[in-house]
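A short write-up of the structure that comes next.
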Amino acid sequence: MFLINCPFCGERDQSEFSSGGEAHIVRPKQPTELSDDEWAEYLFMRKNIKGVQFERWNHTHGCRKWFNVVRDTSNDKILSVYKMGEKPPENYK
Amino acid sequence: MPNYRIHKTEYIDETKRVSFKYDGKTYFGYEGDTLASALLANGIHLVGRSFKYHRPRGIVSCGAEEPNAICQIGSKKDLTEPNVRATELELYEGLEASSQNCWPNVKFDIGGINNLISPLIPAGFYYKTFMWPKSFWKKVYEPLIRLSAGLGKSPTEPDPDIYDHKHVHYDVLVIGGGVSGIIAAKMAAKNNLKTLLVDEKKILGGSTIYQNNESIKIDDKLSSEWLKNEIQEIKKLNNLTIKTRTSIAAYHGYNFLLAKENLTDHLPEEKKKNKIRQRLWKIRAKKVVIATGSIERPLVFNNNDRPGILLSNSIKKYLDYYGVTCGENIILFTNNDSAYETSISLHKKGIKNIIVDLRKSASSELIKQAESLGIKIYFNHVVTNTFGYRKINSLEIMKLSEDGNTTVGNKIRLSCDCLGMSGGWTPMVHMHTQSGGKLDFRDEDQVFLPKENSEDQISVGSCNGDFDLDNIIDKTVNKINKFLDIDNQDYQDTNIICSKENDKRNIWLLPNKIPLGKTKCFVDFQNDSTAKDIKLALKEGFRSIEHVKRYTTTGMATDQGKLSNMHALGIIADTAGVKMGTLGTTTFRPPFTPLTFGTLVGRNVGKFFEVVRKTSIHEWHVENNAEFENVGQWKRPWYYPKNGENMHDAVQRESKAARDSAGILDASTLGKIDIQGTDASEFLNRVYTNSWSKLAIGKCRYGLMLNEDGMVYDDGVTTRISENHYLMTTTTGGAANVLSKLEDYLQTEWPELDVYLTSVTDHYSTASICGPNSKKILNKLFPNLDLSDENFPHMSFKEEKLENINCRIMRISFTGELSYEINIESKYGHSLWKMCIEAGKEFNLTPYGTETMHLLRAEKGFIIVGQDTDGTMTPSDLQMDWIVSKKKYDFIGKRSLYRSDTIREDRKQLVGLLTDDPKEILEEGAQIVSDVKSKPIDMLGHVTSSYFSPNLNKSIALAVVRSGKTMKGQKLIIPMENKNINVTVSDTIFLDKENERLNA
Ligand SMILES: [Zn+2]
């Protein structure tokens, strides 16, 4: 059961949050210009790596804000949280 | 009756005699006893039959690791509890316990025949034998296995006990109240850290609390006396909470732990009443100190499972703590020094005992002490066999060869009535590994140890592999100072004297002259797995410890292999010729000891099981005899039976009334999202498939929402209330998800849009009145409202007052009839409804429920998202291409609508079905085929909605069928269990294709 530091509310129990999968997958601005393969890449393909992963979380039972989380999936340690639109921390790349 | 209680101890209150029943017979013990200690005091060792071979089994241990002494408590249908360890159950007046897994009784057990045919029950027996013929499984094998196996009986009625949950936060949690845990808790609490100390036992002190050996002293006192003083000290600390009878069940990430506190299990029946039985503590701790100690290992030799064979240190605890001796002529078989403490304790109390030590020789304070007391020691010897059916009566020992691989010389037969075994100590690393910690293997004494301690978790004491008392205390103090970043000096000058173990020798599977195939060297007592089974599994090709474990069922019983896992690993390593440390261990999964379901669910039972949402009109529905349907958390009226009608009759009546005159539906549960902002129209354009820019103020429009994969996600009518203000409705079940999805897009993809979303589902109640007379009823309620088609046409919206209360009225229809939805603030919902009913009386206004609503909309071919769709249907699959804008550049899911897969022509598509026999009603979910002769039968689709329509006087159905769009008029077959039903593919709209009724 993680403790997640919501950038708007502070540290809260995981049960207040829901996970939204991999972060920084931008919806294409012009989907109609894309081939089936390119669209499928956006739609279906996710990394799901063992190690440092950038993911989206929503404070569902709190402020309802979406934000980003850097999590090491091998030990579940959350290394960083930052708001939507902010640049991902460089040192984990 | 024999009495094995031979001396008084401070932990047994001999002034308080307690009577209890075991297997129907009454016995006596004392307050302070466990069921196990009381049974042993009465000379009872035999407590059950083994799982597979039904061999007689006795009490082995004195704690949570007990594999044999598990019993059924009580006999009441609602309160009986199986699998309770007698070694943990505190004795109370009136306790009724019985042995498990033996029929007809523990002394004569019919399953014992399995013991005689045991060569026929090898590892993987169940997998190999009961596989075929398949028809035998249900009628022969399963009942047979269930009758003769089975571990206890479940209660058959709901548990009447009260359970509780509690959330707590601490700076430091210390698990285990032995010597190292007590030191850690004291150091933390004295440094102003809010500390919680939990221990599973009734009192603190671990195994040191009954330590009475002269060679182990702290500050010139017996270690037990010193520790009692420490316990008095910590009880005075303000920052420290001490919870005894509390065991940690699970250690989750981020130092979130679950603990079970036992509050009444030790109380007599009448004192349990109306009290909380168990409490589940949900603990968040900044730092966790694991001080869970270690458990003694058995030794694996032939017939090591007879009643009267116990762990050596358990014999010591029964003697020194409970005042009970496990025998009068005891042999201790060991590979380490700790059995010598047991021997000396027994000797002091006048119990005759000898030691068989497999080490070639050994020297330490303890051994010198034993030798000087004249205790006979056989070094370099092993037990090769034991005798006695219901209890051990003698054994054979032999000398070990130089390399320890075999035995040499003559057998020596020794008589005894009890055998203590000590194969060394296994650190309890369960908590460490549950928290995600890794393990190291220490070859010297063959133990797994916590590999590294993280910044928020540390192991101290013998669970960290420190076994000698001076080591335990010194290392605990140093580690805790560092871990908590404090500088505690309390133990600076503590003077510790203890015996040091100098000699180690371990053999996982002890040698024997008898071939292994003819021995019974038990590794897992509870699941009856032997060394032979493990070797057979290896021979058959199993290599991974996880596979061997499952194939032989070693470590898979209710004790989770606390006593057996290490030996299984050791035997595998030795047999496969690999180093034990490279094998890894099996995973230690929570709970550490079994939890009751009651503890897990706490107060969330009965009406607190799940949240129930009721509309403001709910009480009226109850008063008017509604049957309810659960839709998500909502209770919705399903139908309103009158004069004993069944569901079918009620629905037929309601449906007819709605089309013939007027019907009324509580539509309050539909999701309602208030959308405001200068970009609200643009936002709707992006989330719905159709266009919203040109929707006039005061008008309503139906919208279909897709997922990005092009599949239909939700639908509903949205009303433009003013220039920048819309009210969206969603399906009842989809409301929360739709809001989340819309928020997601607004916050992450389109933050530039000026749009605000508010859920107003609970804020408004909705009465939906439909039918040809609905306009007349509206007119009675709102006499000043111009209801003409010119002023208030279909798909439009008006605001009007009802006795000064503002109402939002939409003329929209989900039934195909002329229809109005009246929305009012929820606090007025009940009044509004009653006024509608009153106004509708002269028109036979009939309340109808969800079933009639579903029927009416099916007559019109309107889909229900989630019933006619399942996340794989595109708008085109639903024959709803008309709602997909061709002009819009983009909306959620648009690009997916022309992926190669979504444009396939043979997708499953929505069609209507008419049965050849108009009275025949199809089953929803039934499969659809065109040919029943070909094998395998090609499945074309399934029925999604099916009703008997009273307005059409025939059966109608909606279905999804492969290439259905092109199949109108085609004959298909619905194969059922007893017959094939013939159907014809039809249009999806069965009634009023021209929409004339909307303007009736
Ligand atoms: Zn928040």
Work out the charge dipole of chain B with +1 on the Cβ of Lys and Arg and -1 on the Cβ of Asp and Glu about the Cα centre, then indicate which of B:726, B:509, B:412 is farthest towards its positive end.
B:412
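With a 1.4 Å probe on protein heavy atoms only, work out how much accessible surface A and B bury together, total over both chains, in Å² to the nearest 100.
Counting protein atoms only, the buried area is about 2400 Å².
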Once the piece of chain linking residue B:624 and residue B:229 is laid out straight, how much longer is it, given 0.36 nm per residue of separation minus the C-alpha distance between them?
135.1 nm
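For the range B:558-617, run through the trypsin sites (Lys or Arg not before Pro) and keep only the ones in DSSP coil with at most 13 other Cβ atoms within 10 Å of their Cβ.
B:579, B:603
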Karplus couplings for the range B:660-675 from phi (6.51 cos²θ - 1.76 cosθ + 1.60, θ = phi - 60°), rounded to Hz, Gly and Pro as x?
7, 9, 6, x, 9, 10, 7, 9, 5, 7, 4, x, 10, 10, 8, 10
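What is the ratio of the Cα radius of gyration of the range B:547-705 to 2.2 N^0.38 Å, with N the residue count, to two decimals?
Details: Rg = 30.5 Å, N = 159, 2.2 N^0.38 = 15.1 Å.
Rounded to two decimals, the normalised Rg is 2.02.
What length, rounded to one decimal in nm, is gained on full extension from residue B:539 through to residue B:28, with 0.36 nm per residue of separation minus their alpha-carbon distance? Each step should come with its number before you reach the end.
Numbers: separation 511, 0.36 × 511 = 183.96 nm, distance 5.02 nm.
Working it through step by step, the gained length comes to 178.9 nm.
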Could you tell me the center-to-center distance, by alpha carbons, between the range B:590-663 and the range B:670-720 in angstrom?
30
Using the Cα centre as the reference, give the magnitude of the dipole from point charges on the C-beta atoms of the protein assembly as shown (Lys, Arg: +1; Asp, Glu: -1; all else neutral), rounded to the nearest 20 debye.
2480
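At a Förster radius of 45 Å, what calculated FRET efficiency corresponds to the Cβ-Cβ distance of residue B:329 and residue B:202, to the nearest 0.05?
0.90
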Under 22 Å from the Cα of residue B:360 - lysines, other chains or at least 8 residues apart
B:368, B:376, B:399, B:411, B:500, B:504, B:513
Could you name the aspartates and glutamates whose alpha carbon sits less than 14 Å from that of residue B:954, not counting residues in the same chain fewer than 8 places away?
B:859, B:916, B:917, B:920
According to the Cα gyration tensor, what semi-axes, each the square root of 5 times an eigenvalue, does the equivalent ellipsoid of the protein assembly as shown have, listed from largest to smallest in whole Å?
70, 34, 30
Can you compute 3J(HN,Hα) from phi for each residue in the range B:717-731, using the Karplus curve 6.51 cos²θ - 1.76 cosθ + 1.60 with θ = phi - 60°, rounded to whole Hz and x for Gly and Pro?
9, 10, 10, 8, 7, 8, 3, 10, 9, 10, 10, 9, 10, 10, 5
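For chain B, what is the convex hull volume of its Cα atoms per residue in Å³?
Numbers: hull volume 227.9 nm³, N = 1000.
Normalising the Cα hull of chain B by residue number yields 228 Å³.
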Across B:77/B:201; B:228/B:317; B:775/B:834, pairs whose alpha-carbon gap is larger than 20 Å:
B:77/B:201
Return, ordered by residue number, the residues of the range B:800-833 whose backbone nitrogen is under 12 Å from a label point located 7 Å along Cα→Cβ of residue B:784.
B:800-807
Residue-averaged 222 nm ellipticity for chain B, from DSSP H runs of 4+ at -39500 (n - 2.57), nearest 500:
-5500 deg cm²/dmol
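So if I place +1 on the C-beta of Lys and Arg and -1 on the C-beta of Asp and Glu, and nothing else carries charge, what would the dipole magnitude of the range B:905-999 be about its Cα centre? I want it in debye, nearest 20. Working shown, then result.
Numbers: 13 positive and 14 negative charges, 39 e Å.
Roughly 180 debye, rounded to the nearest 20.
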Rounded, prolate or oblate: which fits the range B:905-999 when a ≥ b ≥ c are the square roots of the eigenvalues of the alpha-carbon gyration tensor, with rounded for a/c under 1.5 and prolate only if a/b beats b/c?
oblate
Taking the Cα atoms of the range A:3-92, what is the range of coordinates along each of the three principal axes, in descending order and whole Å?
43, 28, 23
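Under unit Cβ charges (Lys, Arg +1; Asp, Glu -1), what dipole magnitude, rounded to 20 debye, does the range B:648-751 have relative to its Cα centre?
On the way: 10 positive and 15 negative charges, 101 e Å.
In total the dipole reaches around 480 debye.
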Alpha carbon centroid spacing (whole Å) that separates the range B:418-468 from the range B:235-259
20
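Where does the longest stretch of chain B lie that holds no chymotrypsin sites (Phe, Trp or Tyr not before Pro) found in a DSSP loop with 10 or fewer other Cβ atoms within 10 Å? Don't skip to the end; give the middle numbers.
Values: sites that count: B:108, B:609.
In chain B, the maximal stretch lacking such sites is B:109-608.
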Using DSSP to define loop residues, name the GluC sites (Glu not before Pro) in the range B:918-998 whose beta-carbon has at most 10 other beta-carbon atoms within 10 Å.
B:977, B:994, B:996
Have a look at B:274, B:29, B:558 and report the one farthest towards the positive end of the charge dipole of chain B, computed about the Cα centre with Cβ charges (Lys/Arg +1, Asp/Glu -1).
B:29
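Suppose the chain between residue B:724 and residue B:93 were pulled fully straight at 0.36 nm per residue; how much longer would it get relative to their current alpha carbon spacing? Walk me through the numbers before you get to the answer.
Values: separation 631, 0.36 × 631 = 227.16 nm, distance 7.42 nm.
Stretched out fully, the residue B:724 to residue B:93 stretch lengthens by 219.7 nm.
Assuming R0 = 41 Å, can you tell me the calculated FRET efficiency for the pair residue B:992 and residue B:604, based on Cβ-Cβ distance, to the nearest 0.05?
0.30
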Solvent exposure of the range B:562-680 as accessible area per residue, Å², 1.4 Å probe
47
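Take the residue pairs B:886/B:908; A:47/B:479; B:827/B:993; B:391/B:475; B:260/B:607; B:282/B:672 and return only those whose Cα atoms are more than 32 Å apart.
Values: B:886/B:908 23 Å; A:47/B:479 40 Å; B:827/B:993 39 Å; B:391/B:475 43 Å; B:260/B:607 24 Å; B:282/B:672 36 Å.
Listed pairs above 32 Å: A:47/B:479; B:827/B:993; B:391/B:475; B:282/B:672.
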Between residue B:334 and residues 5 or more places away or on another chain, the pairs with built amide H atoms under 5 Å apart involve B:356, B:357, B:358, B:422
Those GluC sites (Glu not before Pro) from the range B:445-523 that are DSSP loop and have at most 16 other Cβ neighbours within 10 Å turn out to be B:452, B:455
Enter the mean number of other protein chain beta carbons within 10 Å of the beta carbon of each residue in A:42-54, as an integer.
1
Put +1 on the Cβ of each Lys and Arg and -1 on the Cβ of each Asp and Glu in chain B; which of B:820, B:358, B:697 then has its Cα farthest toward the positive end of the dipole?
B:358
Provide, as a two-decimal number, the C-alpha radius of gyration of the range B:642-794 over 2.2 N^0.38 Å, N being how many residues it has.
1.23
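The values are calculated or read from the model by the stated rules, or taken from the named source; none is laboratory data. In this text the structure is predicted, and so the values were computed from the model without any measurement. Virtual Cβ from ideal backbone geometry, glycine too; neighbours counted across all protein chains shown. Accessible surface is based on the protein model in full, side chains and every heavy atom, while ligands, DNA and RNA are left aside. Shrake-Rupley method; radii C 1.70, N 1.55, O 1.52, S 1.80 Å.
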